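The structure under discussion appears below in the form of structure tokens.
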Amino acid sequence: MKRRQFITLIGGAAAWPLAARAQQGALPVIGFLNPTAPEVFADELRAFHRGLKEAGFVEGDNVATVYRWAEGQVDRLPAADLVNRKVAVIASTGMAAATFAAKAATATTPIVFIVNEDPVRLGLVASLAGPGGNLTGTNLLTGEVVAKRLELLRELVPGMARVAVLVDPANAQSTEATLKDVEPAARAMGLQVQVLNASTSREIDAAFAMIARERLDALFVSPSAFFTSRRMQLTHLASRHAVPASYALRSYAEAGGLMSYGASLRDAYRQIGVYAGRILKGAKPADLPVVQSSRFELIINAQIATMLGLSVPPSLLAIADEVIE
């Protein structure tokens, strides 16, 4: 699908009818900031617009959205451009990098975020119940489910003893958070961890070559905007090298990954749509509590499990939110 066709599908401003464009000046404008590309989050963008609709706003009718994507280059997030356009609210999504870019660009424009970690510890809000500034949003609680992700992977790969952990050193904050959580969890399970770094497609190839050379039993992929944008490469290499792998987002399993476990991104995007709408109606971010994700999804790709010679135990089938056949 071509980019322009895709943006038309999700309601992007780049392909509005002329009549809608003529109305844009009279409509409140939301700035949507993401470090990846629109193709990566198609379902989540639809969920965002559902949330806006729940709050009483429909794209092109009584609200406009301006999209800014960094195409995987987190150091090029164009948050300042949204501020210069005087948008009414910024929706910063994808990873914490987008939120930090937005926060650095403005201290007054309301920002509704999705982050993986505690936003209080990150210094984004004063407290979860009372954010106290111009930011609020949703915490995906990614770190809190690291041990569970490892347990689920070991249950699917019962002989697992040595696990590779793939991190993106270009995203230092995410890397630090992942290792802080995964290493003690692995030790508690008696697992050996080998950390592999990758910030480019070539380095991803090299990481899988290392996994094959070292005969590591499984792979744990850390949350990263770059990895999400390269999920097809990651899942393809995992299948080619017969490496059982665990991911944080369901989009990996849908792209051919073995399994994913993490917060529902669609719920999170719907929530920031609701919050963006409430802010457009006059609510202040300081008064909107940060939402902690409460729905977590286990997705198992049974076809990939069979290809890897793995038998999905009934205990996992019983708790899986979706089994891809």
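Relative to the longest principal axis of the Cα atoms of the chain, the long axis of helix 172-188 lies at roughly 40 degrees. Structural descriptor for the chain: relative contact order 20 percent, calculated from alpha carbon pairs under 8 angstrom and at least 6 residues apart. To the nearest 10 degrees, how steep is helix 201-214 against the longest Cα principal axis of the chain, on a 0 to 90 scale? Taking Cα atoms only, the helix is inclined about 20 degrees.
Here the contact order of the range 37-97, divided by its residue count and restricted to Cα pairs under 8 Å and six or more residues apart, works out to 25 percent. Computed from Cα positions, the angle between helix 146-156 and the longest principal axis of the chain comes to roughly 40 degrees. For the residues Ala248, Ala268, Ala37, a GNM of the chain with alpha-carbon springs under 10 Å puts the largest fluctuation on Ala37.
Pairs with C-alpha atoms separated by more than 29 Å, drawn from the list Lys53/Lys86; Lys103/Lys180; Lys148/Lys284, are Lys148/Lys284.
We did not get these values from a lab; they are worked out from the coordinates using the rules stated. Remember, it's a predicted structure, so these values are computed and weren't measured experimentally.
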